[in-house]
1. Which percent of Cα-Cα pairs in region 49-99 sits in each 5 Å bin, short to long?
2. Along the Cα-to-Cβ line of Tyr138, 7 Å from the Cα, sits a label point; which residues in region 78-112 have backbone N less than 16 Å from it?
3. Show log10 I(q)/I(0) for region 87-189 at q = 0.16, 0.17 Å⁻¹, two decimals, from a solvent-free Debye sum over equal Cα scatterers.
4. Only sites in a loop by DSSP and with at most 10 other Cβ atoms within 10 Å count here; which trypsin sites (Lys or Arg not before Pro) in region 1-97 make the cut?
5. Taking springs between alpha-carbon atoms closer than 10 angstrom, which of Gly115, Gly40, Gly166 fluctuates most in the Gaussian network model of the chain?
6. Which value at 222 nm does the chain reach when only helices count, each DSSP H run of 4 or more adding -39,500 (n - 2.57), with the total divided by all residues and rounded to the nearest 500 deg cm²/dmol?
7. Determine the alpha carbon to alpha carbon distance for each of Lys85/Lys176; Lys85/Lys150; Lys150/Lys176; Lys50/Lys176 and list only those over 24 Å.
8. Give the percent of DSSP beta bridges with both residues in the chain that are antiparallel, rounded to the nearest 5.
Amino acid sequence: MITATILAVFATPHAGHFRTERVEALNLDLQGILGDRHYGFTRAAGAREKWYPAGMAMRSGRQVTVVSVEDLELIARTMDLPDVKPEWIGANILIQGVPDFTNIPWGTRLFFENGATLVNEGDNAPCRFAGREVAAHYPGQVDLDLSFVKSAKNRRGIVASVEQAGSIRPGPVRLKIPDNKNWSGGSLI
C-alpha cells in the first residue's frame, strides 16, 4: 500500500458543466458523484470509442477524475505556463505524493478515510475542451488548446469508477497497486 494525500476535491455545479469547483466533500454512491456530469452506470459512446456507434449506451468507467499535483506541474512547465488548475480540466480529486500518477496500473484501488473506494479504469486522454479552459485563463497566447492536448498526454490523471460508496475529503488516501512490471512508480518502489 502507498499512502498519498488528497489536497482538494471538486464537483461540477450542475450536470451540464465541464469545469469543476472546489467543495468540502464529494458524496459518492455506486453511480459516481451525485449531480456530476459523469454520474451514472452508463454513458453514451463518443469519439474515443470508435468501435461503437456514437451515442450508444455503454458502461461508464469515468465516474470520477483524479489528477496529481506532480502531473499538473509538469503540464504547466511543458506549456511554459505558471500553472494549470485541476478545476480548469474538469478534475474531481487532486492528489499529491505519487510520482507518475497518471500511469499507475489499471485496477489500482484508492481507499479513502470515509469509506469510499475507487478503481482506476485508465488514464484520462487530454481533449480540446480542457485545452480551451486552460487557454481561457491565458488570453493572448496562441494555440494553447492544442498545446494542452500534446503536453497533457499521459499526464492528465485517471478516470475511475466507484467500487465502494462513501465520501471523499482532503486527507490521506491509500493506494493498492496491482503487481505490474510496466510501472516504475517513480521513487516509491
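1. The distribution over region 49-99 is 4, 17, 20, 17, 12, 11, 12, 6, given as percents.
2. Residues 78-89 fall inside that zone.
3. Log10 of I(q)/I(0), two decimals: -0.77, -0.85.
4. Details: sites: Arg19, Arg22, Arg37, Arg43, Arg48, Lys50, Arg59, Arg62, Arg77; in loops: Arg19, Arg37, Arg48, Lys50, Arg62.
The qualifying sites are Arg48, Lys50.
5. Gly115
6. Values: 3 runs with 28 residues, N = 189.
Roughly -4000 deg cm²/dmol at 222 nm, from the helical runs in the chain.
7. Numbers: Lys85/Lys176 26 Å; Lys85/Lys150 17 Å; Lys150/Lys176 29 Å; Lys50/Lys176 31 Å.
Going by Cα-Cα distance, Lys85/Lys176; Lys150/Lys176; Lys50/Lys176 fall outside the 24 Å limit.
8. On the way: 37 of 41 bridges.
Taking every DSSP beta bridge with both residues in the chain, the antiparallel ones total about 90 percent.
No lab work stands behind these numbers, since they all come straight from the coordinates. Predicted model, so just to flag it, every value in this text is computed and none were measured. We place every Cβ from the backbone using ideal geometry, glycine too, and count neighbours over all the protein chains shown.
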